[in-house]
Each structure stands twice: as C-alpha cells, then as structure tokens.
Amino acid sequence: MTPPTTLTEIILPDQANHYGTLFGGRGLSLMARAAFVAASRHARAKVVLAACHEARFEAPVPLGSLFLLTATLAQVGRTSMRIDVSGHCEHPEESRCTSVSQATFTMVAVDDAGRPVPVPPMEAEAR
Ligand SMILES: CCCCCCCCCCCCCCCC(=O)SCCNC(=O)CCNC(=O)[C@H](O)C(C)(C)COP(=O)(O)OP(=O)(O)OC[C@H]1O[C@@H](n2cnc3c(N)ncnc32)[C@H](O)[C@@H]1OP(=O)(O)O
C-alpha cells in the first residue's frame, strides 16, 4: 500500500491574509497540491483535479507556523481517485500539533488528449 503523502510548508507573509493567518485559498491550493502528488503516485499518469468536496477550516494557521499536510488515497474508481487531505498546524518552537483543516479531492487520470484513462485498483498496490 502506498504510504500517505506528506508535505510541510512554513507560512510566510505572502501566504497570509490581512488577519495574519494563512489565506484560505492558499490553504486549499496547498491541499490540492498534496492530493495531486498522492494521485500521481498511484496512477503514474497525468492527473487533473475534477472536484473538491467538504473542505473545512477548523482553526486559523498563524504566520510563522508549519502547515503539515497528509494526503491519503481513500478510494479508487475506474479512472478517478478520491484523496483525503488533512492539515495540521505546528509552531516551530513547540511540539504541540493541532488539526486545522480537511478536504477531499477527486483526481482523474487522463491521456495526452485529456481523456480519462483507467488507473490501477487499490489492491494492486499491495502486490
Ligand atoms: C479547490 C482547490 C483549488 C486550489 C487551487 C489549485 C492549486 C494548484 C495545485 C495543484 C493541483 C493539482 C492539479 C494539477 C493539474 C491541474 O491543474 S488540473 C486543472 C483543473 N482541472 C481541470 O482542468 C479538469 C477539467 N475537467 C476535465 O478535464 C474533465 O471533466 C475530467 C475531469 C477529465 C472528466 O472528464 P469526463 O469526460 O467528465 O469523464 P467521465 O468519464 O464522465 O468521468 C471520469 C471519471 O471522473 C469522475 N468525475 C468526473 N467529474 C467528477 C466530479 N465533479 N466529481 C467526482 N467525480 C467526477 C467520474 O465519476 C469518473 O470516475 P470513474 O468512474 O472513471 O472512476
């Protein structure tokens, strides 16, 4: 089974809003990026973002924090993959890590013409 994809980003001023916390659009973009990596690792093909479901931001991510993302392959269809992404916030000077966001992304494998192509089933990963 493919291990979850993890990405860590330090939140700098160019990623912040006027409240001094991570801008939500940037947060979603980072989560989509993690989903893209996880889907690409499974499909080993071009993948595009088809949908984003149930995105939630539960707590703000302050400037200077680490935003830790974990993307997990949750379900595989014929050409699509559902990727669950969770975000945690960690202050670099503290060990405390709190859950701050979740979203689910549907990624679809495509050929060079952008047509959906089959992806390996989840079970195939265990072989
Ligand atoms: C929000 C965050 C923003 C953040 C900000 C991004 C920042 C960036 C970061 C990097 C992010 C990475 C992403 C890089 C790559 C691009 O950047 S992709 C760019 C954005 N996405 C696109 O341009 C895709 C545009 N859409 C399409 O090309 C077509 O609709 C698709 C997705 C290829 C599907 O084609 P289709 O002809 O509708 O195919 P169809 O046979 O009906 O469906 C194929 C499969 O897709 C599934 N599917 C299609 N539509 C949906 C849907 N809406 N819901 C669920 N499943 C669907 C079907 O159920 C089917 O699944 P299977 O049963 O085969 O498993």
Restricting the range 111-127 to residues that are acidic (D, E) and at pLDDT 95 or above, the one most open to solvent (accessible area, probe 1.4 Å) turns out to be D112
Go through the range 27-58 and give me each residue that's farther than 18 Å from H88 by Cα, within 7 Å of the ligand (Cβ to nearest atom) and either of a type outside the set (A, V, I, L, M) or touching a His at 6+ places or on another chain (Cβ under 6 Å) (or both).
-> F36, C52
Given (1) free of Cβ contacts under 8 Å to residues at least 24 places away in the same chain; (2) open to solvent by less than 40 Å² (accessible area, probe 1.4 Å), T21 misses just (1)
Output the qualifying pairs, or none if there are none: Cβ atoms under 7 angstrom, residues six or more apart or on different chains, first residue in the range 34-53 and under 16 Å from V117 (Cα atoms) and of a type in the set (D, E, K, R), second residue in a strand (DSSP E or B) and at pLDDT 95 or above.
-> R41/T5; K46/A109; K46/V110
Any idea which of A39, A50, A35 is within 16 Å of the chain's Cα centre (by Cα) and open to solvent by 50 Å² or more (accessible area, probe 1.4 Å)?
-> A50
Kindly list, by first and then second residue, each pair from a residue in the range 75-86 that is without any contact (Cβ under 8 Å) to a residue 60 or more places away in the chain to a residue that is within 7 Å of the ligand (Cβ to nearest atom) and part of a strand (DSSP E or B), limited to pairs with Cβ atoms under 7 Å and residues at least 6 apart or on different chains.
-> T79/V108; T79/P116; S80/A50; S80/T106; S80/V108; R82/T106
Quick one: is V100 more than 15 Å from the ligand (Cβ to nearest atom), of a type in the set (A, V, I, L, M) and more than 20 Å from P3 (Cβ to Cβ)?
-> yes
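The values are calculated or read from the model by the stated rules, or taken from the named source; none is laboratory data. Note that the coordinates shown come from a computational prediction; the quantities given were computed from them, not determined experimentally. Cβ: placed from backbone, ideal geometry, glycine included. Neighbour counts: every protein chain shown. Just the protein is used for accessible areas: all its heavy atoms, side chains included, with ligands, DNA and RNA removed. Shrake-Rupley method; radii C 1.70, N 1.55, O 1.52, S 1.80 Å.
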